Amino acid sequence: MNKEAIIVGENYECRKQDFARPIIGEVLQKTDEGCIVNVERFYGLDADKIDEVDGKVLIRYNEVAGIVSSKCFFS
């Protein structure tokens, strides 16, 4: 995704190159290199790649797959 399309405060699915599986997290900040994401869901094999203190990861804009809606429902 491009920088302008990403909304701070929204959750996105991210496919980071060096991670085994996609992660889901909230975008906290946008920078020139990418965005800072607070990781909310991840695959266990990637636990050592996420900052243990604050759970944040730098994601490049091309690694952001799409927005994850928290306002969906099933009928």
| request: Being surrounded by 12 or more Cβ atoms within 10 Å (Cβ to Cβ), closer than 24 Å to residue 5 by Cα, within 13 Å of the chain's Cα centre (by Cα) and at pLDDT 95 or above narrows it down to one of 27, 57, 68, so name that one. | output: 27
| Somewhere in region 33-46, is a residue crowded, with 17+ Cβ neighbours inside 10 Å and in a loop (DSSP other than H, G, I, E, B)? | yes
| query | Cβ-Cβ below 9 Å, separation at least six or inter-chain, first residue in region 44-63 and touching a residue at least 12 places away in the same chain (Cβ under 8 Å), second assigned to a helix (DSSP H, G or I) and open to solvent by less than 60 Å² (accessible area, probe 1.4 Å): which pairs? | reply | 61/5
| Check on residue 4, part of a loop (DSSP other than H, G, I, E, B) and open to solvent by 90 Å² or more (accessible area, probe 1.4 Å) | no
| note | Result of the Cβ filter at 7 Å on region 13-24, keeping first residues that are within 14 Å of residue 37 (Cα to Cα) and partners that are charged (D, E, K, R) and in a loop (DSSP other than H, G, I, E, B), at least 6 apart or interchain, is 22/15; 23/16
| message | Among the residues of region 11-20, what is the count of those that are at pLDDT 95 or above, out of contact with any helix residue (DSSP H, G or I) (no Cβ under 6 Å at 6 or more places or on another chain) and part of a loop (DSSP other than H, G, I, E, B)? | response | 0
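The values are calculated or read from the model by the stated rules, or taken from the named source; none is laboratory data. Treat the numbers as computed from the prediction; the structure is a model and nothing was measured. Here the Cβ is made from the backbone with ideal geometry for all residues, glycine too, and neighbour counts use every protein chain on show. Please note that ligands, DNA and RNA were not included when accessible areas were found on the heavy atoms of the full protein model with its side chains. Shrake-Rupley method; radii C 1.70, N 1.55, O 1.52, S 1.80 Å.
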